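Some notes on the structure that comes next.
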Amino acid sequence: KFGSGYAFSRRQPPRQALKHEFLNGLSERLSNTYIENLSYERLIKNYDYEDSFFYCDPPFTGSDGSKDYQFVMNESGHQLLHDKLAGIKGKFLLSYDDTPFVRKLYKGFNIEKTKPVLYTLNQTNRYKTELLIRNY
């Protein structure tokens, strides 16, 4: 609904994607949704129930040498996220970079490889595939 491939930035003028009609529909869809700014450990602890759904988008492992993130997680951080998600009552969907480390870490979960996605981070355009990992 927002168009395709447009990154929001202070250097770009605002777009009119958020029209009144769209916001009304979005408001109704998200009426039972919580959006929090917490660590994943605290968030999962607070909201993990059988009917919970968590979408997780952690910093990628960066094993391809890219420097896309200001803050990174080391391997033990990725392992802790895995361990927390492996024990939840609810469902999760996790997006990650496609690396042998991630595939090994989440072996046993449902893993799908995406089509190449255009990345526009750090003023560079490149296509990369991602993994979608889920426990359902």
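The values are calculated or read from the model by the stated rules, or taken from the named source; none is laboratory data. Quick caveat: nothing in here was measured; it's all calculated off a predicted structure. Cβ: placed from backbone, ideal geometry, glycine included. Neighbour counts: every protein chain shown. Note: accessible area is taken over every heavy atom of the protein model, side chains too, but ligands, DNA and RNA are not part of it. Shrake-Rupley method; radii C 1.70, N 1.55, O 1.52, S 1.80 Å.
A few points about this structure:
- Which listed residue is within 18 Å of Met73 (Cα to Cα), modelled with pLDDT under 95, open to solvent by less than 50 Å² (accessible area, probe 1.4 Å) and of a type in the set (Phe, Trp, Tyr), from Tyr106, Tyr96: Tyr96
- Here is the figure for the stretch 7-26: residues that are open to solvent by 70 Å² or more (accessible area, probe 1.4 Å) and either assigned to a loop (DSSP other than H, G, I, E, B) or at pLDDT 85 or above (or both) total 10.
- Yes/no for Leu105 being touching a helix residue (DSSP H, G or I) at 6+ places or on another chain (Cβ under 6 Å) and not acidic (Asp, Glu): yes
- Of all residue pairs spaced 6 or more apart or on separate chains, those with beta-carbon atoms under 8 Å, a first member in the stretch 78-101 that is farther than 26 Å from Lys128 by Cα and small (Gly, Ala, Ser) and a second member that is open to solvent by less than 40 Å² (accessible area, probe 1.4 Å) and in a loop (DSSP other than H, G, I, E, B) are Gly90/Asp48; Gly90/Ser52.
- Subset tally (residues that are open to solvent by 40 Å² or more (accessible area, probe 1.4 Å) and modelled with pLDDT under 95) for the stretch 109-127: 12
- Residue selection: Lys89 satisfies the criterion of being exposed (fewer than 15 other Cβ atoms within 10 Å of the Cβ), modelled with pLDDT of 90 or more and in a loop (DSSP other than H, G, I, E, B).
- Screening the stretch 30-44 for residues that are free of Cβ contacts under 8 Å to residues at least 24 places away in the same chain and of a type in the set (D, E, K, R) and picking the one that is farthest from Met73 (Cα to Cα) gives Glu36.
- Checking His78, His82 one by one, the residue that is open to solvent by less than 70 Å² (accessible area, probe 1.4 Å) and modelled with pLDDT under 95 is His78 and no other.
- Criterion violated by Cys56 - all others in (1) surrounded by 11 or more Cβ atoms within 10 Å (Cβ to Cβ); (2) modelled with pLDDT of 95 or more satisfied: (2)
- Hey, Lys1 at pLDDT below 60, open to solvent by 90 Å² or more (accessible area, probe 1.4 Å) and of a type in the set (Lys, Arg) or not: yes
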